[in-house]
1. State yes or no: is I357 surrounded by fewer than 18 Cβ atoms within 10 Å (Cβ to Cβ), among the β-branched types (V, I, T) and touching a Ser or Thr at 6+ places or on another chain (Cβ under 7 Å)?
2. Given the condition among the β-branched types (V, I, T), in contact with a helix residue (DSSP H, G or I) (Cβ under 7 Å, 6 or more places away or on another chain) and either assigned to a strand (DSSP E or B) or surrounded by fewer than 24 Cβ atoms within 10 Å (Cβ to Cβ) (or both), answer yes or no: does some residue in the stretch 106-127 qualify?
3. Identify, from the list D52, D44, the residue that is open to solvent by 60 Å² or more (accessible area, probe 1.4 Å), out of contact with any His (no Cβ under 7 Å at 6 or more places or on another chain), outside any loop (DSSP other than H, G, I, E, B) and over 18 Å from V145 (Cβ atoms).
4. Can you spot a residue in the stretch 388-402 that is under 27 Å from S347 (Cα atoms), under 30 Å from the mean Cα position of the chain (by Cα) and not in a loop (DSSP other than H, G, I, E, B)?
5. Mind listing whichever residues of the stretch 310-352 are open to solvent by 30 Å² or more (accessible area, probe 1.4 Å), within 23 Å of the chain's Cα centre (by Cα) and on the phi > 0 side of the Ramachandran plot?
6. Can you tell me which residue within the stretch 219-241, out of those that are part of a loop (DSSP other than H, G, I, E, B), over 21 Å from K314 (Cβ atoms) and among the small types (G, A, S), is most open to solvent (accessible area, probe 1.4 Å)?
7. Sort out which residues of the stretch 274-287 are surrounded by fewer than 24 Cβ atoms within 10 Å (Cβ to Cβ) and either within 16 Å of the chain's Cα centre (by Cα) or under 30 Å from T326 (Cα atoms) (or both), and write them in order of number.
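The values are calculated or read from the model by the stated rules, or taken from the named source; none is laboratory data. Since the structure is predicted, the reported quantities are computational estimates derived from the model, not experimental observations. Note that we place each Cβ from the backbone using ideal geometry, even for glycine, and neighbour counts take in every protein chain shown. Keep in mind that these areas ignore ligands, DNA and RNA; they rest on the heavy atoms of the full protein, side chains included. Shrake-Rupley method; radii C 1.70, N 1.55, O 1.52, S 1.80 Å.
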Amino acid sequence: MAAFAIVMMVCLVLIHGGQCKGLFNAAEALHKAKDAENGDVGPDVKAFNVLDYGAKPDGKTDSSINFRRTFEAACNFHGDAMMVIPEGEFLMGPVLFSGPCSNPSLLIIQVNGIVKAQSNMAYYRGGGDDDTDWITFQAIDGLIVSGRGTFHGQGSQVWGFNDCARKSNCVRLPATLKFIKVTDAIIRGIKSIDPKGFHIMISMSRNFRIFSVDLQAPGDSPNTDGIHMSKSDLVKISKTVIATGDDCVSMIHGSTNISIKKVICGPGHGFSIGSLGHYDDEADVSGIIVKNCSLRETDNGVRIKTYKTDSPSKASGIIFQDLIMTRVQNPIIIDQEYGNTKYSQPSKVRISDVHYINIRGTSASKVAVDLLCSASNPCQGIHLDNVNLQYAGPPNDDMPFSSNCRNARVAYHGYQSPPPCR
């Protein structure tokens, strides 16, 4: 009864700005996303096909304005609506799909075609400075992006412009899909290939589900994070395959209540919390669980990384559980000296309540557990419970298979390989 009263109050507030969609039912929304993939949405959903708004499926004609007009028509429709991207190949430059929308239920974007990005960087005014990414969904309450289609970023033609390996203040290249201020969203079934920057970027959003998505880029493609999120709450990622050139999933400041389950990662840089301590007044990170995932030949396994700056924040309530690693470098790592070793000051980020449970497989590094914490803010409450990693790197390495701990309070439970820190 109390929840109903809250919804009614919110509806009254929104009466002049859009329709109230009521409480979000995740199971119902996931079922609707599956139906949308097959076009089985029922007669009450009005379809808005990009072909009817002039888009050309020839892979040569820029259809940016046609896609935008289709979205606007669907978004402004006072009824259930679905934007349809049918089979075919569509070329598109940067597009902003902005709400709020007038639909009484979740707006559906059905993707069954191939959408290719303009490769010429003249179309993009710089992804980092003015938020020009490729496809941006903004200020939408209730969204489904579902289908068997593909977003192709044509990143291989522009990765040479990425200078982040040489410059700490570099401008990132455009993300393929960006979601900002989006609430109650389902992303299901789609594929992303060769983004210029991130595959999927989520910021200032809440209640997000990513399910059965396939993200692919070469292992040496620069800064092509699979799913990158910040300042977002209640994000669930499951049954997804990520093979890319950077973090499979990266969670930076303000990421809370994040669940990552049944994800296959590799190649890539593993699952990362951070980098933290990069900006002033960063929000804390908490409530992270990575469970039942596998990593194969990644540069890192599960990693928490912070800069050595005077920007204080906290990372706590983190669980890495039931993970299988195959020839992974740095399987378990906390690095509080990330990126800027020239600075002498220790990191001000406080890391606590971190659990590593049932981690097994093979390590390509002789130091398989590396906990390098801050001298001024030592890691507290680090728990390793049944870690069974075996060395599978170069056979001519005579170093012992070991753990390394600095400024970390660690509790061990059950079997431990490599051996615990002294």
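1. Details: surrounded by fewer than 18 Cβ atoms within 10 Å (Cβ to Cβ): yes; among the β-branched types (V, I, T): yes; touching a Ser or Thr at 6+ places or on another chain (Cβ under 7 Å): no.
No.
2. Let us first name the residues in the stretch 106-127 that are among the β-branched types (V, I, T), namely 108-109, 111, 114-115.
From the residues that got through so far, the ones that are in contact with a helix residue (DSSP H, G or I) (Cβ under 7 Å, 6 or more places away or on another chain) too are 108.
Checking the rest, the ones that are also either assigned to a strand (DSSP E or B) or surrounded by fewer than 24 Cβ atoms within 10 Å (Cβ to Cβ) (or both) come to 108.
Yes: one or more hits.
3. D52 is the lone residue from the list that is open to solvent by 60 Å² or more (accessible area, probe 1.4 Å), out of contact with any His (no Cβ under 7 Å at 6 or more places or on another chain), outside any loop (DSSP other than H, G, I, E, B) and over 18 Å from V145 (Cβ atoms).
4. No, the stretch 388-402 contains no residue that is under 27 Å from S347 (Cα atoms), under 30 Å from the mean Cα position of the chain (by Cα) and not in a loop (DSSP other than H, G, I, E, B).
5. Correct list: D322, N330, G339.
6. My answer is G219.
7. Listed by number, the residues that qualify are S275, S286, G287.
Here's the yes/no breakdown for (1) in contact with a helix residue (DSSP H, G or I) (Cβ under 8 Å, 6 or more places away or on another chain); (2) of a type in the set (A, V, I, L, M); (3) open to solvent by less than 40 Å² (accessible area, probe 1.4 Å):
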{"position": "K178", "(1), (2), (3)": "no, no, yes"}
{"position": "S203", "(1), (2), (3)": "no, no, yes"}
{"position": "A217", "(1), (2), (3)": "yes, yes, yes"}
{"position": "A243", "(1), (2), (3)": "no, yes, yes"}
{"position": "S250", "(1), (2), (3)": "no, no, yes"}
{"position": "H253", "(1), (2), (3)": "no, no, yes"}
{"position": "I260", "(1), (2), (3)": "no, yes, yes"}
{"position": "V263", "(1), (2), (3)": "no, yes, yes"}
